[in-house]
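The values are calculated or read from the model by the stated rules, or taken from the named source; none is laboratory data. Computed from a predicted model, the values in this text were never measured in an experiment. Heads up, the Cβs are rebuilt from the backbone with ideal geometry, glycines too, and the neighbour counts pull from every protein chain shown.
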Amino acid sequence: MQDHHHYDSDLLVILRHGPHGSSWLKEGLDAALVAAAFGRRVSLLFMGEGVAALMPCQKKGPLGQKGTAETLEMLEMYDIDSLLVEEQGLSCLGLSSDDLMLEVTSLSPPALARVFAEHRLVLTF
Amino acid sequence: MRYAILLMGTPYSDQASHSALRFAHALVARGHCLEAVFFYHDGVHNAARLAAPPQDEPHLVDAWAGLANEHRVALQVCIAAALRRGLLDEREAARHGKDGVSVQAPFELTGLGQLVDLGMRCDRLVTFGP
Amino acid sequence: MLLHVVNRSPATSRVYQQALSGMSPDDRLLLIEDGVQGALPQLVRYYAGLEGRLFALKEDLESRGLLGHCDASVQVVDVDGFVDLTEEAERTVSWY
């Protein structure tokens, strides 16, 4: 069965974890970068705790663990410019989008649901 | 329909592997084509050749291999996630100067591009997380 | 229409909130693994507003001794029903 629905974008990668504490954020970003390198149109959605990935001034972790901030700074090179943040995730941490290291679009729940419908594939990390 | 499964849970620590296998068997029993199971994050441990569970527990590694052989399902393991966690096939073991092989056939190490490709090509991709 | 799959209990995890915030008015929600606890009358209130669109996996209820304890508003489906739900939905989104 073929899906004839038109999607605005190919892949939505949902990032729900902050840097350093686990490999979820890094491995989710890896999937996004690979898809973009293969010419897919990719959006990133930072949800919940994942909003912390966008904090400026991050440093290396224990044993020199690299973290993910450098990868996020490279997103433009991969043509990943659709950076979405869950409004609730921001307010939960007492942050606003101005506090973040990259320019993002903040989404309320109805807008979130629309984003899910616009992508051909959704991967949650 | 053409299906793919993405599995990111560790065998025996989470129910994810059991749930994914149960779903996989239901899919093929219903006549769907399960093209591949992609193992990412801690899901790569499902390919562990040296897993030795007690006899009264399901042997998940063998169960995946059985599914693959019986229904021509590809078992694709993210190579980057696998190497970090000590899962190497013959080629990678040789390349890294290791004297053991820890990935069970027919699991195959492959790139993340395969996951993206599966997600785009298949009608449905179902994720099982921890 | 999308199918959202949740495997955590709303008694201990906020994953259910993430799933709910991504749901459109016609999307469906399936509870599996520890998520089936959300089908209990005491916990189903977390899913208020999903009447008719809330499902729980029979096998996972059964293995936990919870099969006879579900709220009447929850539709119990077996793994074949799970496959049906993924066929009927354009995509499946997992929350874990």
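Things to note:
- Residue in region A:65-77 that is touching a helix residue (DSSP H, G or I) at 6+ places or on another chain (Cβ under 9 Å), crowded, with 19+ Cβ neighbours inside 10 Å and free of Cβ contacts under 8 Å to residues at least 12 places away in the same chain present: no
- Which listed residue, of B:Gly111, B:Gly97, is at positive phi and not hydroxyl-bearing (Ser, Thr, Tyr): B:Gly97
- Residues of region B:90-113 satisfying the condition of being surrounded by fewer than 20 Cβ atoms within 10 Å (Cβ to Cβ) and closer than 22 Å to C:Thr92 by Cβ: B:Gly113
- Only one of the listed residues (A:Ala111, A:Ala37, A:Ala31, A:Ala53) is within 13 Å of another protein chain (Cβ to nearest Cβ), within 13 Å of the chain's Cα centre (by Cα) and small (Gly, Ala, Ser). That residue is A:Ala31.
- Residue list for region A:3-62, restricted to those being within 23 Å of C:Tyr16 (Cβ to Cβ) and assigned to a loop (DSSP other than H, G, I, E, B): A:Arg16, A:His17, A:Gly18, A:Gly21, A:Ser22, A:Met47
Here's the yes/no breakdown for (1) modelled with pLDDT of 95 or more; (2) within 13 Å of another protein chain (Cβ to nearest Cβ); (3) touching a His at 6+ places or on another chain (Cβ under 8 Å); (4) crowded, with 19+ Cβ neighbours inside 10 Å:
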residue: A:Asp81; (1), (2), (3), (4): no, no, no, no
residue: A:Asp99; (1), (2), (3), (4): yes, no, no, no
residue: A:Glu103; (1), (2), (3), (4): yes, no, no, no
residue: A:Leu107; (1), (2), (3), (4): yes, yes, no, yes
residue: A:Phe116; (1), (2), (3), (4): no, yes, no, yes
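- Qualifying residues in region B:82-130 (those that are among the acidic types (Asp, Glu) and over 24 Å from B:Val28 (Cβ atoms)) - the one farthest from the other protein chains (Cβ to nearest Cβ): B:Asp99
- Verdict on A:Ser43 being surrounded by fewer than 22 Cβ atoms within 10 Å (Cβ to Cβ), polar (S, T, N, Q) and touching a strand residue (DSSP E or B) at 6+ places or on another chain (Cβ under 7 Å): no
- All of B:Leu87, B:Leu118 fail the test of being surrounded by 17 or more Cβ atoms within 10 Å (Cβ to Cβ) and closer than 29 Å to C:Leu30 by Cα, apart from B:Leu118.
- Looking across region B:65-85, the residues that are under 16 Å from B:Glu35 (Cα atoms) and in contact with a strand residue (DSSP E or B) (Cβ under 6 Å, 6 or more places away or on another chain) come down to B:Ala68, B:Val73, B:Ala74, B:Leu75, B:Gln76, B:Val77.
- The set of residues from region B:24-47 being surrounded by fewer than 21 Cβ atoms within 10 Å (Cβ to Cβ) and in contact (Cβ under 8 Å) with a residue 24 or more places away in the chain comprises B:His25, B:Val28, B:His32, B:Cys33, B:Glu35.
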